[in-house]
Amino acid sequence: MRKIAEIGVAVLLIVALGQGGWAVEPIKIGVLYPTSGSGAVYGTSAMLGHDMAVEEINAMGGIGGKTPIVTVARDTKLKPAAASAAAKELITKEGVDVLMGGLSAAVGLAISEVARREKVIYIATIPKAIHMTTSKLHPYVFRTAPNTDIEGRGIARTIGQLGAKKLCQIQFDYAYGHDLAAGIAKALPQEAAGAEIVLDLKVKLGATDYNTYIAQIMGAGCEGVVSGLWGAAFITFAQQAQPFGFFEQIKYVSGGEIASHEIASKMKGNYPDNVWSNAYELWYHDASPLHKRYQQELARRQGRPDTDGWPILSYIGVKFIEAAVVKAESVDTQALIAALEGLSIETPVGRRTIDAKTHQANTGQFWGPMKKTDEHEFRIMDPVTYISGD
């Protein structure tokens, strides 16, 4: 009887573990992006990339050919309180193994705090506030997006290349804006010697009237503006500034990925001159065969060749989870944490590595001026320069 019992246990263990050593039960990912409201222009794109990665993996039988991924998504509405409640619900009621997503810094920090309390891994695919992986770092948070120091260095380097010395700054008055301003200040002495910020403006997130700020900048006689106004805020700012000849007089260098196709295609011919900015991925810049395959599949799904830039962020986040499960041969939280620390993967936009101590990936961005072309009704970045997260 003992021999039969031992055989029975062995059979059950084989069934539970599959053929390679880790559980075949699905891994549940709780996904948190804004799919309504002002953040939806990016959130819906991010959700597209997430679904694309999950479907690719599940079509091959799941992670390692045996562990399917199940997605449970919630709309954060770009509100920290809503994101925090949704994250808690995903953990306690839906039983997710991993949290992923976020957009604004405030939302990302709110999700991270829930992850810390509940001891669940959170992959921050978009939020960039530096504190998430410095003063507010904990064992369960990992960032595959760049941080504000990386982005600030890109802005400072562009200012140095343009030779602008007298600068105005306009940032959002919340964690991302404050941290980006600090990142720029830290990088300017090295990247743009002699450049000085003479006017520093803070704008409430959600503001719709920028006329006072525009007048102050133009009155200060700045050669360049450094900024992080993103999404609909940049569109509104540009619409209000253009009648005053703002962009004819001043070089505008911004983070916030306003060079992404989501913004360029929306603004079309109304996109202003003299704008230098960043993007995570560009449909017209084939950096590698892996990128070409990624972009072709995304084009098929979107039904157009000029694809969005933000799906790459969530796509890479899912790919990190896939690689971590394979490395750990487990979906156990502690095993996945150990696997994520120092993990490197190949992505459509280059190799990415998560630092073992800071939990920050070395994610860089594409930078350059936005130019008119005869070929397209929207602007594209030309030339394209990649600034590494290293």
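Structure data summary
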read-out: Loop-located GluC sites (Glu not before Pro) in segment 242-287 whose Cβ has at most 11 other Cβ within 10 Å (DSSP); value: none
read-out: Spin-label pair residue 300/residue 357, simplified geometry with 7 Å Cα→Cβ offset, distance in nm; value: 4.4 nm
read-out: Cα-based Kirkwood hydrodynamic radius, segment 35-139, one decimal, Å; value: 14.3 Å
read-out: At R0 = 22 Å, FRET efficiency that the Cβ-Cβ distance of residue 375 and residue 240 yields, to 0.05; value: 0.15
read-out: Restricting segment 298-376 to GluC sites (Glu not before Pro) in coil, as DSSP defines it, with at most 11 other Cβ within 10 Å; value: 375
read-out: Cubic angstrom per residue, convex hull over Cα atoms of segment 147-299; value: 117 Å³
read-out: Label-point gap, in nm, between residue 212 and residue 92 - each point 7 angstrom along Cα→Cβ; value: 4.1 nm
read-out: Cross-link reach list, aspartates and glutamates versus residue 357, counting only Cα pairs under 16 Å and skipping chain neighbours closer than eight places; value: 341, 390
read-out: The chain - Rg (one decimal) and Dmax (whole number), Cα, Å; value: 22.1, 91
read-out: Derived scalar couplings ³J(HN,Hα) [segment 238-255; Karplus, 6.51 cos²θ - 1.76 cosθ + 1.60; whole Hz; x for Gly, Pro]; value: 5, 4, 7, 7, 4, x, 8, x, 4, 7, 6, 9, 10, 7, 10, 10, 9, x
read-out: Rounded to whole Hz, the Karplus (6.51, -1.76, 1.60) HN-Hα couplings of segment 200-216, x for glycine and proline; value: 10, 10, 10, 10, 5, 4, x, 4, 10, 10, 10, 4, 4, 5, 4, 5, 5
read-out: 0 to 90° range, to nearest 10: angle between helix 289-302 axis and the chain longest Cα axis; value: 90 degrees
read-out: Length released on extending from residue 390 to residue 341, taking residue separation times 0.36 nm less the Cα-Cα span; value: 16.0 nm
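Values quoted throughout were computed directly from the atomic coordinates according to the rules given, and no laboratory measurement underlies them. These numbers come from a predicted model, not from an experiment. Cβ coordinates were reconstructed from backbone atoms using ideal geometry, including for glycine residues, and neighbour counts include every protein chain displayed.
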